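Heads up: the structure comes next, in structure tokens.
The values are calculated or read from the model by the stated rules, or taken from the named source; none is laboratory data. Computed from a predicted structure; not experimentally measured. In this analysis, Cβ positions are derived from the backbone assuming ideal geometry, glycine residues included, and neighbour counts consider all displayed protein chains. We work out accessible area using only protein heavy atoms, side chains counted, and drop any ligands, DNA or RNA first. Shrake-Rupley method; radii C 1.70, N 1.55, O 1.52, S 1.80 Å.
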Amino acid sequence: MNVFDMGKCRLWLTTEEIRPESLEGATVVVIDVLLATTTLVTIMERGARRIFPVSGVEEAHRLKKELGHSSVLTGGELGGQPVESFDCAHLPDEYTPERVKDQDIVFLSSNGTRAIMKAKAADTLVLGNLRNAYAIADYINREAPEEVIIVCAGSLGQFSLEDYICANLILSRLNVENAHLNDAAVYALDQRFDPKNVAELVAKGRVGRNFHKLGLDALLEFVVEVGSSESVVGLHNGAELRFKSMGSEAK
């Protein structure tokens, strides 16, 4: 791994902190652990061709029509609930390899895709979750950007514990020794989360507790498998998600 001197690293704790005018030249990591960025990366891993993040239901249907071919599925949620007119909801289990292979997916979420669309002006935008946190850190260290902004999507303007834990794990593996840090990044780097304790911590958060109430414990176990994925998925041309690798847009 090449060592580089990052100039600036910022951590933003909710989507509301995103300032599009501040994104020029930056590499942005968008995190929505429960559940958008976990689901989106999983969809790509299971064989989808492309994913188009959108901000609303009408936009999703319009884009599906514009794409104009039979291999398009709409999916996602609004307010934590499936959208009745969509083909799929928002849980990874719905996106089986048989269902998504070679498909284009138009995807909506209350927090994750909103953050993606708000940050799409960044030079590079990639999706982070607990499963691929180490892969994201390794990707950034290889690509050696001058500025990195890590965005926790949060939940409807509120801080989310699971997003912060993921951001912390990524930050802890970046070379930021000589970087200018904002206060949130300074605070995060003063903490260290043991990956072995992440599952217990996430389960204590508001969304984690809700997953337990809904009987989604198996899904939660999948989500908190820290470092189990080597996939880096990023936004291409400000419109579609694809695999990224060093110096390349496609896997």
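Any residue at all in region 224-245 that's within 18 Å of the chain's Cα centre (by Cα), surrounded by 14 or more Cβ atoms within 10 Å (Cβ to Cβ), at pLDDT 95 or above and in a helix (DSSP H, G or I)? Within region 224-245, none of the residues are within 18 Å of the chain's Cα centre (by Cα), surrounded by 14 or more Cβ atoms within 10 Å (Cβ to Cβ), at pLDDT 95 or above and in a helix (DSSP H, G or I). Looking across region 47-73, the residues that are closer than 21 Å to residue 125 by Cα and either in a loop (DSSP other than H, G, I, E, B) or small (Gly, Ala, Ser) (or both) come down to 47, 48, 49, 55, 56, 60. When residues in region 152-197 are screened for being crowded, with 21+ Cβ neighbours inside 10 Å, in contact with a Ser or Thr (Cβ under 7 Å, 6 or more places away or on another chain) and hydrophobic (A, V, I, L, M, F, W, C), 2 of them pass. Within region 82-95, the presence of a residue that is among the charged types (D, E, K, R), surrounded by fewer than 21 Cβ atoms within 10 Å (Cβ to Cβ) and at positive phi is excluded. Filtering 73, 67 for residues that are surrounded by fewer than 20 Cβ atoms within 10 Å (Cβ to Cβ) and among the hydrophobic types (A, V, I, L, M, F, W, C) leaves a single hit, 67. Take the residues in region 181-214 that are in contact with a helix residue (DSSP H, G or I) (Cβ under 6 Å, 6 or more places away or on another chain) and among the aromatic types (Phe, Trp, Tyr), then tell me which one is farthest from residue 148 (Cα to Cα). Once the filter is applied, the top-ranked residue is 211. The single condition from (1) within 20 Å of residue 25 (Cα to Cα); (2) at pLDDT below 95; (3) not aromatic (Phe, Trp, Tyr) that residue 179 fails is (2). Picking from residues in region 6-33 that are part of a loop (DSSP other than H, G, I, E, B) and hydrophobic (A, V, I, L, M, F, W, C), the one that is farthest from the chain's Cα centre (by Cα) is 6.
Across region 145-183, which residue is farthest from the chain's Cα centre (by Cα) among those that are under 13 Å from residue 7 (Cβ atoms) and part of a strand (DSSP E or B)? Of everything passing the filter in region 145-183, 180 is farthest from the chain's Cα centre (by Cα).
Scanning region 40-88 for residues that are of a type in the set (Gly, Ala, Ser), more than 20 Å from the chain's Cα centre (by Cα) and under 28 Å from residue 156 (Cα atoms) returns a single hit, 85.
Of the residues making up region 124-136, at least one is assigned to a helix (DSSP H, G or I), at negative phi, within 14 Å of the chain's Cα centre (by Cα) and surrounded by fewer than 24 Cβ atoms within 10 Å (Cβ to Cβ).
Does region 176-200 hold any residues that are within 19 Å of residue 138 (Cβ to Cβ) and of a type in the set (A, V, I, L, M, F, W, C), and which are they? Listed by number, the residues that qualify are 176, 179, 185, 188, 189, 193, 198.
Based on this model, can you work out whether residue 142 counts as within 13 Å of the chain's Cα centre (by Cα) and open to solvent by 20 Å² or more (accessible area, probe 1.4 Å)? Taking the combined requirement at face value, the residue does not satisfy it.
Please verify whether residue 99 is open to solvent by 10 Å² or more (accessible area, probe 1.4 Å), part of a strand (DSSP E or B) and touching a residue at least 12 places away in the same chain (Cβ under 8 Å), treating the condition exactly as stated. No; evaluated as a whole, the condition is false for this residue. Scanning region 46-97 for residues that are in contact with a strand residue (DSSP E or B) (Cβ under 9 Å, 6 or more places away or on another chain) and among the acidic types (Asp, Glu) yields 59, 77, 87, 94.
Tallying residues that are of a type in the set (S, T, N, Q) and in a helix (DSSP H, G or I) within region 102-123 yields 1.
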